[in-house]
Amino acid sequence: MMNIKQIIPIILVMAAAILPVAAQTIERNQAVSISVQGVPDADRSTINSTYPVSQNGTINMPYIGEVRAAGLLPERLAANLQERYREAQIYTNPTFQVIATSSDDIVQQVVTVGGYVGRPGPVPYRNGLTLWQAIQAAGGENAFGSIRRVRLFRGEESREYDLRNDEAKRIPLRPNDTIEVPQKNIWGQ
């Protein structure tokens with residue numbers, strides 16, 4: 001027969017195994033690593049990145065703008081992202097994964113360049129960065145990309161630019177802007 005001193009360690013081990021692990025909520029000024037499945041490859045490379053959580057508790061996502069992140073569990077943020085992209089009718093069946101990281105993982109501010117460019121993904125932001133410079137830093141438009149209908153997403157707004165125009169090339173960017181270089185149409189434009 002076991003005595004109480006033998007039973008207590010067994011009970012503690014069993015309790016630790018069945019108690020849920022305390023999940024960490026996302027906090028302001030930290031970062032979240034976000035990846036997505038179930039979307040086109042060009043969009044996946046646009047979205048898959050590490051996003052800083054701003055002082056007001058939001059992250060700035062491509063195509064949909066600011067999304068509240070602070071105070072949420074990573075799984076809840078992933079579910080919110082899936083819902084927002086579906087509601088906006090951008091994707092029909094996205095699956096997001098969110099991992100909260102430390103603020104040490106935020107190396108620098110970025111703009112994201114996606115679509116038909118040589119190297120889609122984040123481009124380091126610096127003061128004075130222009131729309132043209134960001135596209136060139138992402139390898140420029142590829143053989144299928146068109147610079148005639150480049151879309152700039154900033155928050156919940158978007159505008160289209162024809163980068164054959166020198167004035168459009170000089171559009172200044174802000175951290176967390178998203179740029180989409182579309183596919184050429186049937187006329188090669």
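Since every read-out is calculated from the coordinates, none of them should be taken as a lab result. Keep in mind that what you see is a predicted model, and the values were worked out from it rather than measured. Cβ: placed from backbone, ideal geometry, glycine included. Neighbour counts: every protein chain shown.
Side notes on the structure shown:
- Counted residue by residue at 0.36 nm each, then reduced by the alpha carbon distance between them, the extension gain from Asn142 to Gln24 reaches 38.4 nm.
- Note on Trp187 and Glu87: the extension gain reaches 32.8 nm, defined as 0.36 nm multiplied by sequence separation minus the Cα-Cα distance.
- In this label model, Thr95 and Ser33 are separated by 1.9 nm, measuring between points 7 Å along each Cα→Cβ vector.
- Residues whose amide H falls under 5 Å from that of Gln109, counting only those 5 or more places apart or on a different chain, are Tyr125, with hydrogens built in the peptide plane.
- Prolate is the label for region 48-173, because a/c, from the alpha-carbon gyration tensor with a ≥ b ≥ c as root eigenvalues, is 1.5 or above and a/b exceeds b/c.
- Residue-count net charge about Thr25 - beta-carbon cut-off 13 Å; Lys, Arg +1, Asp, Glu -1: +1
- Of the two radii for region 31-105, the radius of gyration is 0.93 times the Kirkwood radius, both from the alpha carbons; that is the Rg over Rh value.
- Think of region 39-88 as a dipole: +1 on every Lys or Arg Cβ, -1 on every Asp or Glu Cβ, centred on the Cα centre; then among Gly57, Val39, Asn80, Gly57 lies furthest on the positive end.
- For region 110-181: rounded, prolate or oblate by the Cα gyration tensor [a/c cutoff 1.5]: rounded
- Region 23-87 versus region 148-173: alpha-carbon centroid distance in Å: 24 Å
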